[in-house]
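Data block below; observations after.
The values are calculated or read from the model by the stated rules, or taken from the named source; none is laboratory data. In this text the structure is predicted, and so the values were computed from the model without any measurement. Don't worry about glycine lacking a Cβ; one is built from the backbone with ideal geometry, like all the others, and counts go over all protein chains shown.
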Amino acid sequence: MNTVLTIAVVVVLILAALVAGFVLRERLRRARLRRRFGPEYERLLAESPDHRAVERELTERERRHADLNVRPASAEMRRRYTHRWTEVQGRFVDSPGPAVMEADRLITSLMAERGYPTEGYRQQVTDLSVDHGRSLEHYREAHRVLERGVGGEAATEDLRLAMRHYRALFEDLLGDEQAGLPSDGDATAVPSPDPAPAPRPEARPTDARHPA
């Protein structure tokens, strides 16, 4: 009887250890996914409260990303794209709509040169979420402006915000060494017209009897 009881206790302890190990492993995996995907993890969880479904989706994204040949931005690439961004940003004041569309194309070009597939916006978002989840919402917000149309349908303020959103993703894609990138607002802030000069005070007539 003692032997049977001992075996039962050992089996229970082993099962408890296995369950504890499984729970710990799941918690660590969940914490890792949350750290890696950041706001994207929370966004998916808000859409579907099923943690397992969300984590399966994110794990699948990681698998696809691992098969891509994604390269970091080289120093030469950073210099070249920083120059191109400065040109695009400089055109915003006179042509906000075309500048925003050009910023979108520049983002796509940078993605392609880094090794990301660019066959469609939805897939681009999915692939970017693995390493750039914290700036992904900027991409979505900028793209929403494009979907509404920049040919006169989007207000100038919307276009300005779209440029700032594109800039946030652009900086993230380039890395931490975007030396020389103009500060936010240098060109995306549309200047207000110069104020009209204040009227000059009228000259008071001089009384001829009392010369000045």
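Part of a loop (DSSP other than H, G, I, E, B), under 24 Å from Phe37 (Cα atoms), out of contact with any Pro (no Cβ under 8 Å at 6 or more places or on another chain) and of a type outside the set (Gly, Ala, Ser) - does that describe any residue in region 71-84?
yes
For the structure I just gave you, tell me whether Arg52 is surrounded by 12 or more Cβ atoms within 10 Å (Cβ to Cβ) and farther than 24 Å from Tyr166 by Cα.
no
Sort out which residues of region 94-122 are of a type in the set (Val, Ile, Thr) and either without any contact (Cβ under 8 Å) to a residue 40 or more places away in the chain or more than 20 Å from Arg148 (Cα to Cα) (or both), and write them in order of number.
Across region 94-122, the qualifying residues are Thr108, Thr118.
Tell me which residues, restricted to region 109-129, are exposed (fewer than 15 other Cβ atoms within 10 Å of the Cβ) and either assigned to a helix (DSSP H, G or I) or of a type in the set (D, E, K, R) (or both).
Result: Ser109, Ala112, Glu119, Arg122, Gln123.
Mind counting the residues in region 130-167 that are outside any helix (DSSP H, G or I) and surrounded by 15 or more Cβ atoms within 10 Å (Cβ to Cβ)?
Result for region 130-167: 2.
Can you find even one residue in region 3-13 that is at pLDDT 80 or above and over 25 Å from Asp127 (Cβ atoms)?
Yes: region 3-13 contains one or more residues that are at pLDDT 80 or above and over 25 Å from Asp127 (Cβ atoms).
Going by what's in this entry, would Leu33 be described as modelled with pLDDT under 95, assigned to a helix (DSSP H, G or I), over 23 Å from Leu110 (Cβ atoms) and within 21 Å of the chain's Cα centre (by Cα)?
Criteria met by Leu33.
Answer with yes or no whether Arg105 is surrounded by 16 or more Cβ atoms within 10 Å (Cβ to Cβ), among the basic types (Lys, Arg) and out of contact with any strand residue (DSSP E or B) (no Cβ under 9 Å at 6 or more places or on another chain).
no
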